[in-house]
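For reference, the structure is listed below as structure tokens.
The values are calculated or read from the model by the stated rules, or taken from the named source; none is laboratory data. Being a predicted model, the structure only gives us computed values, none of them experimental. Cβ placement follows ideal geometry from the backbone for every residue including glycine, while neighbour counts extend to all protein chains displayed. Only protein heavy atoms, including side chains, enter the accessible area calculation; ligands, DNA and RNA are left aside. Shrake-Rupley method; radii C 1.70, N 1.55, O 1.52, S 1.80 Å.
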Amino acid sequence: MNALPSEETTPLIAARHMLADQVFDAILALLLDDKISTGSQLNIDGLAKKFQVSSTPVREALARLESTGMVRREALRGYRVAPEPSATDVEKINEARTMLEPGLAALACENQSAALVSELEACNTALNLARGGESFVDYRAYLKMDEQFHRKIAEAADNEFLLRAYSAIEGHIQRFRLVVQKSMSGESTITEHDRIIEAIKLNDSSAARIAMEEHISGIAQRAAQNYSQ
């Protein structure tokens, strides 16, 4: 039997993903705004009833949250809210970023283009406008722009193996942003991003590497201060 034409299936697939995205954001808001405590069981049917959706988008959303480390799946028990990342967890993720992202920034210079620079500048402008806020709804846009900024640099490096390595830790970086960086968003990140953009604009791979190293070092220092409070 012939498969349905792609134009007939695409709207349904798009709608399903859109719904899963909405459920993902809704659950994430509950987690980050402390509406669901650490270690709590996440009941799929209960969440589906709460959001008035089927269990399918809830399962998809929880699977995505698992990839970030925000929730954990236990055999025969379903999903449970994971503990917040410890200071050691944050230190290790920043070590991994220091090993990887400066090299990606340097490689991105080799593929420098007006389009790339424009996209990075747009991300940083949006980042600046969105910083601050007390709840997930307030700082969601900030986190999204920060994520896009670093992802665009990783993609611009044009090395599929390094991109896979970055993708492997990207979910954990996102978790770090979600749990820790909401209290760290500010001018420091904007300024550090500007230095990276300027180095890429000048096609200076050495400066781009250094600027990214300094950015991640700054993130690590701000995270350490966050945990010491």
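Eight or more residues apart or on different chains, and alpha-carbon atoms under 28 Å: count the Lys pairs in the chain matching that.
16
Got a sec? Charge dipole of the chain, +1 on Cβ for Lys and Arg, -1 for Asp and Glu; which of Gly103, Ile169, Ala61 is way out at the positive end?
It is Ala61, whose Cα lies furthest towards the positive end.
In percent, what relative contact order does segment 93-229 have, based on Cα pairs under 8 Å that are 6 or more apart in sequence?
Relative contact order, segment 93-229: 41 percent.
Kirkwood hydrodynamic radius for the chain: how many Å is it when counted over pairs of different Cα atoms?
Final number for the Kirkwood radius of the chain is 19.0 Å.
Projected area of segment 145-228, taken from the Cα convex hull and averaged over every viewing direction, in nm²?
5.5
Could you work out the Kirkwood radius for segment 78-148, taking every pair of different alpha carbons, averaging 1/r and inverting it, reported in Å?
Averaging 1/r across every pair of different Cα atoms and inverting gives 14.9 Å.
With θ set to phi - 60°, apply the Karplus curve 6.51 cos²θ - 1.76 cosθ + 1.60 along segment 26-37 and write out the HN-Hα couplings as whole Hz, x wherever there is a Gly or Pro.
Using θ = phi - 60°, the values come out as 5, 5, 4, 4, 4, 5, 6, 8, 6, 7, 10, 7 Hz.
Note down the relative contact order for segment 108-168 as a percent, whole number, built from C-alpha pairs under 8 angstrom at least six residues apart.
About 40 percent, as a whole number.
Is the shape of segment 88-129 rounded, prolate or oblate, going by the alpha carbon gyration tensor and its root eigenvalues a ≥ b ≥ c, with a/c under 1.5 for rounded and a/b larger than b/c for prolate?
oblate
Leaving out ligands, DNA and RNA, and with a 1.4 Å probe, what % of the accessible surface on segment 59-162 is carbon or sulfur?
Answer for segment 59-162 is 49 percent, counting heavy atoms of protein chains only.
For segment 87-214, rounded, prolate or oblate, judged on the Cα gyration tensor with a ≥ b ≥ c (square roots of eigenvalues), a/c < 1.5 rounded, else prolate if a/b > b/c?
oblate
Check Leu42: other-chain or 5+ apart residues with amide H under 5 Å from its amide H, H built from backbone geometry?
Answer set, sorted by chain and number: Tyr79, Arg80, Val81.
Estimate the FRET efficiency between Thr125 and Ala75 by the formula 1/(1 + (r/R0)^6), using the beta-carbon distance for r and 45 Å for R0, to the nearest 0.05.
Calculated transfer efficiency: 0.50.
Skip the ligands, DNA and RNA, and give the accessible area per residue of the chain with a 1.4 Å probe, whole Å².
Per residue, the chain has 54 Å² of solvent-accessible surface.
What percentage of all Cα-Cα pairs in segment 61-111 are separated by more than 14 Å?
66
Which of these, Glu74, Glu101, Glu147, has the largest mean-square fluctuation under a Gaussian network model of the chain (Cα springs below 10 Å)?
Looking only at Glu74, Glu101, Glu147, the biggest GNM fluctuation is shown by Glu74.
So which residue, out of Asn203, Asn94, Asn43, gets the largest mean-square fluctuation from a GNM of the chain using Cα contacts under 10 Å as springs?
Highest fluctuation among the options: Asn43.
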